[in-house]
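As structure tokens, the structure follows; a few thoughts come after it.
The numbers here are math on the coordinates, done by the rules we state, and not lab data. Worth saying up front: this structure is predicted, and the values here are computed from it rather than measured. Using ideal geometry, Cβ is built from the backbone for each residue, glycine included, and neighbour counts are taken over all protein chains shown.
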Amino acid sequence: MSTEFDVLVVGAGIHGAGVAESLTAAGYRVAVLEQQAVAAGTSSRSSKLIHGGLRYLESGQFSLVYECLKERKWLLAHKPDLVHMVPFLIPVYRHSKRPPWKVRLGLTLYALLAGLFNPYSRFRSLDIRDWEELEGLNSDDLLAVYRYFDAQTDDAALTREVIRTAQRGGAELICPGSLVGAEVTDKFVRADYFHQGQLNTLHCKALVNCTGPWIEDTNSKCSPGAKLPALELVAGTHIQVPLKIANKIFYVEAEDGRAVFVMPWQGETLVGTTERPYHGDPGEVAPTLEEKAYLLRTLKQHFPETRPLQLHELSDSWAGLRVLPHATASPFSRSRETMICSNNDKCPRVVAVAGGKLTSYRATARQVLKKLRPVLDSTNNGSLHSESPTHPDRETSAEGRHL
Ligand SMILES: Cc1cc2nc3c(=O)[nH]c(=O)nc-3n(C[C@H](O)[C@H](O)[C@H](O)COP(=O)(O)OP(=O)(O)OC[C@H]3O[C@@H](n4cnc5c(N)ncnc54)[C@H](O)[C@@H]3O)c2cc1C
């Protein structure tokens, strides 16, 4: 295996995969280092939605929603085996935190941001006669039910597909391989990592830290590290229940007003998610009993006729970690924008990707590529390679060729 690359990407979640795909498409030599397995972290523990995020409109994150809806359109067109549209239903009750006019306003804005002529922008309020067909949804005090469309995926399968594209483009995946330390010198970055019980070294022009909830730990191994803002980890749990409720996604309100999804998944039903601050080792995050009980209660409140389930009857449950900017606001209303930080704005050799969405991985990868171009294309780097990459796409736009 070569020990000289243009870029070392650390972490093979959706961001590491997307960055590697984008860099290889632009003609750079890339190695990806993953300590456990592709999509072993948050990228297999998400709500599996490719969406703009209707609820982010409430906190005014319009550009995020717009960008994600654009990415949703691209993914639907280019990855139809992995991303498909699903009807979403929002029931509004007399006691709901969001009254019908507010939901209608949100859906109107969502449709406008997705594009008026987009066939998936259409939404409507279901006729009261159709409520009986709502697969056992609680109809006590029900005021309205809105139907719109968004997309669902298999997050881990999508991540594996993106990493395979990067590998076909020439990226080397070192897995399992764990970063031990990285040192920036005048001309390159020297990175030490463990692989197959041995300490190895490689050299690259830049390192991209895509280690999700491990971002601070990985950054502390880089000298100098990227200038990160204060960050917080917020855990989110999903439960999988052995019940088949519907082939639609219900967007319901839990007892505390939080939005919870009830989704079809692998012939059963997925319910999530929760949000709680997390301070431990990211590798140890797991659902708590309270979270599981809260999600089961939310399910029962909205689908009272479903068979009562005990906690030990769950088919599965897991927790993932969001990386959010530290703030006093509730995690629910905090910015979900991707934060791209570096050790040096003019000559970034260590870049770190914090937060972000599965949906917008391509947009994030484009930003990383744009940030790295000056360093990667600079003639002052010396030659790291005996044979310099002469990929025909080297002069293409920052978007890369087939992204
Ligand atoms: C509960 C929850 C629900 C979500 N739902 C959605 C959703 O429906 N739609 C959406 O668009 N987004 C969603 N998101 C956001 C999305 O899932 C994440 O933004 C995304 O998966 C993060 O990917 P990542 O590549 O940054 O991190 P990760 O997927 O966590 O990948 C990081 C990788 O780095 C590796 N690593 C760590 N340290 C090292 C090291 N020293 N050396 C080598 N490798 C290392 C880890 O093993 C891991 O594989 C959700 C997030 C959460 C938490």
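Under a Gaussian network description of the chain, with springs only between Cα atoms under 10 Å, the residue in LEU299, LEU142, LEU289 that fluctuates furthest is LEU289.
Relative contact order (percent) for the chain, with alpha-carbon contacts under 8 angstrom and 6 or more residues of separation? Relative contact order for the chain comes out at 25 percent.
Sorted on the mean count of surrounding Cβ atoms within 10 Å across their residues, most packed first, peptides 337-345, 179-187 read 337-345, 179-187. If the Kirkwood radius is taken over C-alpha pairs of region 231-325, then at 4 °C and 1.567 mPa s the Stokes-Einstein diffusion coefficient equals 95 µm²/s. Segment THR108..THR306, full-extension length gain: 68.0 nm, with 0.36 nm per residue of separation and the alpha-carbon distance subtracted.
Our estimate of slack between PHE62 and HIS279, defined as 0.36 nm per intervening residue step minus the Cα-Cα distance, is 75.1 nm.
Annotation note: trypsin sites (Lys or Arg not before Pro) in region 242-321 located in DSSP loop regions with a Cβ neighbour count of at most 14 within 10 Å are LYS244. The antiparallel fraction among DSSP beta bridges confined to the chain stands at about 75%. Between the C-alpha center of region 125-141 and that of region 60-115 there is a gap of 21 Å. Here ASP377, ASP256 are placed in order of increasing Cβ neighbour count within 10 Å, fewest first, which gives ASP256, ASP377. When its C-alpha radius of gyration is set against 2.2 N^0.38 Å (N residues), the chain gives a value of 1.04.
Summarising the label geometry, the points placed 7 Å from Cα in the beta-carbon direction at ASN118 and TRP74 lie 1.3 nm from one another.
By other beta-carbon atoms within 10 Å, ranking GLU305, GLU135 with the fewest at the front produces GLU305, GLU135.
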